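Read the structure below first, then the notes.
The values are calculated or read from the model by the stated rules, or taken from the named source; none is laboratory data. Keep in mind the model is a prediction, meaning the values are calculated, not measured. With ideal geometry, Cβ positions are generated from the backbone for all residues, glycine too; neighbour counts draw on all protein chains shown. Accessible surface areas use protein heavy atoms only, side chains included; no ligands, DNA or RNA. Shrake-Rupley method; radii C 1.70, N 1.55, O 1.52, S 1.80 Å.
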Amino acid sequence: MLIFTGPTASGKTTLMKMFYMRIRGRGGKCVYFVSPPFGGLAYFISSFLSMLLVYAYGLSGVLSRKKRLAILEVANPRLLSRVLSLLVFADFISKVLQQAVFTVLEKAGFTVLVEDYYPQMLADHLTYYKLYRSSSKMLRSIIALEYRFLTKYTRESQGTVCIHVYAEEVTRALRELKRSGGSLGVGGFYNDVVRDLLPRAICERVGLNTKFVVTGEGTINE
C-alpha cells in the first residue's frame, strides 16, 4: 500500500494518479482511493448536524456553504465538543472497515494507493482533541487505540510506504486559485501543521517507511 499525505494543493492526487497510470501501464493491478479525515459514517453525522444548524439558526448563505465541521465550529462549538468523541470513533470505525477491504485487495494482487488515510486522520483527531476536549478520557482512549492500530499494522505490513508530498507555498496558492476560480482556500496552521508536520511525525513515530516528494509547477522531484 502507498499512502499519500501532505498539505492541500501539494499535488497528492496528481501524483497518486501518476502512480496508478504507471502501474496499470506495466500490466499491474492497481486501485486508488481518497480517504479524508471525518469521512464515512462521521461524514454523515457531521453533515446531518450542520444541516440542522443551518436551518435552525437561519444561517446566511455564505456560512451554509462552509464544510460540515466548519459550520459546527462557527455556529455551535459547544455542540461540536459534545459530539467530538462520537465523530472520532465513527471515523476510526470507517478506517478499520476500509483497511479490511484494502487487505482483501492486496491479497488479490492489487497495489492499493490511498490519499490521506490513517496518518492524516490521526493528525486531525489529535488537533481537535487539543482544541475542544483536552480533558476527555474517552476521546483520549480512542486516539490511543488508533495509534496502537497503526503501529500494529506498520509492524505487520513491511511493504506499506507513506509518500509525503510537499509544494512551496506559492505553488500551493496558485493551484488553489485555479481550483477555486480565484479565491484562496484554507491555509495557515491547518496546512503547515495538521497537514504537513503532524502526518510526517506520526509516520516516523510508528516506524512507517516514509518518502518525501517535492512538487512544482509541472515538475516532481524526489
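Which peptide among 91-100, 143-152, 4-13 comes first, and what is the full order, when sorted by highest mean count of other Cβ atoms within 10 Å? Write out the running numbers ahead of the final one.
Details: 91-100: 17.3, 143-152: 15.7, 4-13: 23.8.
Order by mean packing, descending: 4-13, 91-100, 143-152.
Among the protein heavy atoms, those of residue 16 account for about 0 Å² of accessible surface (1.4 Å probe, every chain in place).
Determine the per residue accessible area of the range 66-165 with all protein chains present and a 1.4 angstrom probe, expressed in square angstrom.
Working: 4760 Å² over 100 residues.
Per-residue accessible area for the range 66-165 comes out at 48 Å².
Could you sort out which of 12/152; 137/211; 12/137; 130/211; 12/130 sit more than 32 Å apart by Cα distance in this structure? Present the calculation step by step, with values, prior to reporting the outcome.
Numbers: 12/152 25 Å; 137/211 34 Å; 12/137 34 Å; 130/211 28 Å; 12/130 27 Å.
Over 32 Å apart, Cα to Cα: 137/211; 12/137.
A protection proxy built from the mean count of other Cβ atoms within 10 Å ranks the segments 110-119, 39-48, most packed first, as 110-119, 39-48. Take every Cα pair under 8 Å whose residues are at least 6 apart in sequence, average their separation, divide by the length of the range 1-147, and the relative contact order is 39 percent.
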